[in-house]
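> I am attaching a structure below and will ask some questions about it afterwards.
The values are calculated or read from the model by the stated rules, or taken from the named source; none is laboratory data. Remember, it's a predicted structure, so these values are computed and weren't measured experimentally. Here the Cβ positions follow ideal geometry from the backbone for every residue, glycine too, while neighbour counts run over all protein chains shown. What goes into the accessible areas is simple: the full protein's heavy atoms, side chains included, and nothing from ligands, DNA or RNA. Shrake-Rupley method; radii C 1.70, N 1.55, O 1.52, S 1.80 Å.
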Amino acid sequence: MSDSTPASAAPRSLSEALGLPVWYKRAFKYLVVSVFFLIALGGSVRIMKAGLACPDWPLCFGDFIPDYHPQVYLEFLHRALAGLVALVTFALSYFIFRSRASRFLKGLTGFALVLLMVQVVFGGLTVLLLLKSNVVVTHLMLGTTFFSSLLWIYLTLRQSPQPQEPSLAPTPRWLIPLCVFAALAIYGQIFLGGLVAAHFASLVCTDFPTCHGQWFPTFSGIIGLHVIHRLGAYTLFAVLLGTWLVMRRGAPTLALRRRSGWLFALVCGQVGLGIANVLFHTPPLLAVGHLAMGVTLLSVALLQLRTALTLAEVSPSITGSRTKITADNRVGFPDGPVVPT
């Protein structure tokens, strides 16, 4: 019998290497997309002023399925999709816990489940406390963190499990810190946007680039909140522009250069949507698009970070020493380092 193993028999992803069902990786991808849509739908509920269209929770007007009304059904569909996402998340998580996944991957899955349960509680509190601003913002950020956790699990599951020859291209020391900083900057700007939305501060400044004819009229109250959000947008634009320029000159792979370019293109679009929301008085389509674009930015930033971490596992550092792969820093891989796909 030949010692060689047919290429078709070799697992093509960590999902397959862990013995997960052949459909698992695709199902998890659909779950991530569903959570993305759920966040956008939650923004639609707020923009259409449907957050209290169902005044009780978990029922809606005392019924599991309420009578039809556009706003009522917008809120009802948001709840129904959230319930479906919760059930699918628990079901898919069971397979990870039963697999040979690393402690990190199982821990991240457990963290996602905790976020999900807390998120359900805050979804109910959002209604029962009549859209209290701090609760609404917490609900948004819990959802965003939950989405980020699921996306990171999916990006890990789709990686190749096969050990590869170390890359000859050195990994700059600044690469991973820069990717982390870019992702955190986007996350922080989403938080500022959530504060603006929850305090109904989107239209307290109706001119651009000034606010009531002044660049910085105040930093207090809801006008100050709006101004701080604008400053955050300028800062994020500068961060992602700088990331793109640095990656163009110093990133060791084409994938990283491309993803930094995607981030800069997306932030340009996001700034345009933000300006349009002010000038056109937050029409629902633009407002929801602004939220969805923010989450898309975060998604690409996490993809960039995942790529950088994977590269660091198989590349020498800028000083020439290779990263030591251990069971603790393999980030979900049971049999060694991987390369970007």
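> For region 216-252, which residues satisfy the criterion of being hydroxyl-bearing (Ser, Thr, Tyr) and surrounded by fewer than 19 Cβ atoms within 10 Å (Cβ to Cβ)? Break it down stepwise before answering.
First pass over region 216-252, keeping only residues hydroxyl-bearing (Ser, Thr, Tyr): 218, 220, 234-235, 243.
The answer is 218, 220, 234, 235.
> With the requirement that a residue be in a loop (DSSP other than H, G, I, E, B) and of a type in the set (A, V, I, L, M, F, W, C), what does region 187-227 give you? Give the steps one after another, and end with the answer.
Step one: list which residues in region 187-227 are in a loop (DSSP other than H, G, I, E, B), which gives 199-210, 212-213, 215-220.
Correct list: 200, 201, 203, 204, 205, 208, 215, 216, 219.
> Still on this model: Within the set of pairs 6+ apart or on separate chains, which have a first residue in region 213-225 that is closer than 16 Å to residue 197 by Cβ, a second that is assigned to a helix (DSSP H, G or I), and C-beta atoms under 6 Å apart?
225/195; 225/196
> How many of the residues making up region 120-134 are touching a Phe, Trp or Tyr at 6+ places or on another chain (Cβ under 6 Å) and crowded, with 18+ Cβ neighbours inside 10 Å?
1
> Consider residue 171 carefully, then state whether it is in contact with a strand residue (DSSP E or B) (Cβ under 6 Å, 6 or more places away or on another chain), in contact (Cβ under 8 Å) with a residue 60 or more places away in the chain and open to solvent by less than 30 Å² (accessible area, probe 1.4 Å). Even if it seems obvious, please write down each step before you answer.
On the way: in contact with a strand residue (DSSP E or B) (Cβ under 6 Å, 6 or more places away or on another chain): yes; in contact (Cβ under 8 Å) with a residue 60 or more places away in the chain: yes; open to solvent by less than 30 Å² (accessible area, probe 1.4 Å): yes.
The answer is yes for residue 171.
> How about region 64-98: which of its residues are among the hydroxyl-bearing types (Ser, Thr, Tyr), over 16 Å from residue 143 (Cβ atoms) and open to solvent by less than 30 Å² (accessible area, probe 1.4 Å)? Give the derivation first.
Residues of region 64-98 among the hydroxyl-bearing types (Ser, Thr, Tyr): 68, 73, 89, 93-94.
Remaining after also requiring over 16 Å from residue 143 (Cβ atoms): 68, 73, 93-94.
Residue satisfying the conditions is 93 alone.
> Does region 38-80 hold any residues that are in a helix (DSSP H, G or I), without any contact (Cβ under 8 Å) to a residue 40 or more places away in the chain and not β-branched (Val, Ile, Thr), and which are they?
70, 71, 73, 74, 75, 76, 77, 80
> When residue 61 is evaluated against the numbered criteria (1) open to solvent by 30 Å² or more (accessible area, probe 1.4 Å); (2) of a type outside the set (D, E, K, R); (3) at negative phi, which criterion, by number, is the only one it fails?
Of everything listed in (1) open to solvent by 30 Å² or more (accessible area, probe 1.4 Å); (2) of a type outside the set (D, E, K, R); (3) at negative phi, residue 61 misses just condition (3).
> A further question on this structure: Please go through (1) modelled with pLDDT of 95 or more; (2) surrounded by fewer than 22 Cβ atoms within 10 Å (Cβ to Cβ); (3) farther than 30 Å from residue 200 by Cα; (4) of a type in the set (S, T, N, Q) for residue 304 and return the number of the only condition it doesn't satisfy.
Unmet condition: (2).
> All but one of (1) closer than 23 Å to residue 42 by Cβ; (2) in contact (Cβ under 8 Å) with a residue 12 or more places away in the chain; (3) open to solvent by 50 Å² or more (accessible area, probe 1.4 Å) hold for residue 208; which doesn't?
(1)
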